[in-house]
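Okay, so here's the structure we're looking at.
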Amino acid sequence: MHFPWYKRFLSYFKDVSIEELESQFSDKLLVSLCNERLKLTAGTAIYSEEDNYYNFTEVFKKIMIKEKQIQNVLVLGLGLGSIPQMLEKNFQRNYSFDAVEIDPAIIHLFNKYIKSSLNSEINVLQQDATEFISINDKRYDLICVDLFINKDIPEQFIAKEFLENLHNSLEKGGFLIYNRLEPESDIEATQKKFFESNFSEVFPNLKIYSIVRNEMYVSIKN
C-alpha cells in the first residue's frame, strides 16, 4: 500500500500512526509506519514489522534456508505476514503457506495492507492454533511458531501435547522454528525450564539462538 511521501519521510524519525483497531484477544492493535515499513503492535509487544522481523531473519540465515528443499510452510500466528514477506524479499523464496491466526482483527489488517503485495500462495485460517494442530493431517517442510497474546505465550502452546502435534505435522527432515521472548521474571524463568524440558523430549536435537531479546528454538525432524 502506498503512503504519502511525508509520512514515509517522518517514519525514519518516529512511528507514524496509520490505524488503530480493537481486538477481542489482546490490547488495542496499532498499525504504524516505521522506516517505511508497516509495524503491528499490541501494547508494548511488536507482532510484526514487514521484512524487518530480525529474529526470524537471522534464524533463516543460520539454517541456510535458501539451500533447503522447502515447499509447504505452516505459520502459527500471522501478524501482518512478516514471515512470508521476509522469505520473499530477503531470501527470494516463494513457498505455499498455511497461516493460522485466531484474531479476525489481525486477519483484516493483513488482508488490507499486505496480502496483495505478496507473490506466495497464502491460505489464511481463522482458528485457534491448538485446535488446528490437533486435527491437522498435512505435513510441512517448515513450521514457524509465533504465538503471543501481547508479550505472553498462552500455556496451551508450551504443553507437551502441542509440541508432539507440531512434530507429527512436520515432514521428515522438516524444520521447526519456535519464537519465545527472554524471561523477565522468576515466573517466566520457571516457565522456560518447563518448556525446554518438554521441547527437548519431543525434539532431542534442539538448538537455541538468542537474538536481541528473543530466544529461537530450532529443531529438525529426524
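Coordinate-derived values only; no laboratory data. If you're wondering where the values come from, they're calculated on a predicted model, not measured in any experiment. Cβ placement follows ideal geometry from the backbone for every residue including glycine, while neighbour counts extend to all protein chains displayed.
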Next item on the list: Could you list the GluC sites (Glu not before Pro) in segment 99-186 that lie in coil according to DSSP, counting only those with at most 11 other Cβ atoms within 10 Å of their Cβ?
Entry: Glu184
Next item on the list: Report the extension gain between Arg8 and Met64 in nm, rounded to one decimal, defined as 0.36 nm multiplied by the number of residues separating them, less their alpha carbon distance.
Entry: 16.9 nm
Notebook entry, point to check: Considering amide H positions built from the backbone, and no H for Pro or chain starts, which residues 5 or more places from Ile114, or on another chain, come under 5 Å of its amide H?
Noted result: none
Notebook entry, point to check: HN-Hα J couplings of segment 55-64 from phi, Karplus 6.51/-1.76/1.60, θ = phi - 60°, integer Hz, Gly and Pro as x?
Noted result: 5, 5, 4, 5, 5, 4, 5, 5, 8, 6
Check: For Asn222 and Glu201 in the same chain, what is the full-extension length gain: residue separation times 0.36 nm, less their Cα-Cα distance, in nm?
Finding: 6.2 nm
Checklist line | Table column - 3J(HN,Hα) (Hz), segment 132-137, Karplus curve with 6.51, -1.76, 1.60, x for Gly and Pro | finding: 4, 6, 6, 10, 5, 10
Next item on the list: Divide by every residue of the chain the summed helix terms, -39500 (n - 2.57) for each DSSP H run of at least 4, and state the resulting mean residue ellipticity at 222 nm, rounded to the nearest 500 deg cm²/dmol.
Entry: -8500 deg cm²/dmol
Notebook entry, point to check: Using the beta-carbon distance between Ser116 and Asp186 and R0 = 45 Å, what value does 1/(1 + (r/R0)^6) give for FRET efficiency, to the nearest 0.05?
Noted result: 0.50
Next item on the list: Would you calculate the separation in nanometres between label points at Glu36 and Asn150, each defined as 7 Å from the Cα along the Cα-to-beta-carbon direction?
Entry: 3.5
Notebook entry, point to check: With a Cα-only, solvent-free Debye model of segment 127-183, what are the log10 I(q)/I(0) values at q = 0.25, 0.31 Å⁻¹?
Noted result: -1.10, -1.44
Check: What Kirkwood hydrodynamic radius do you get for the chain when you take the inverse of the mean 1/r over all pairs of distinct Cα atoms, in Å?
Finding: 17.8
Item checked: Rounded to 10°, Cα long-axis angle of helix 104-113 versus longest principal axis of the chain -> 50
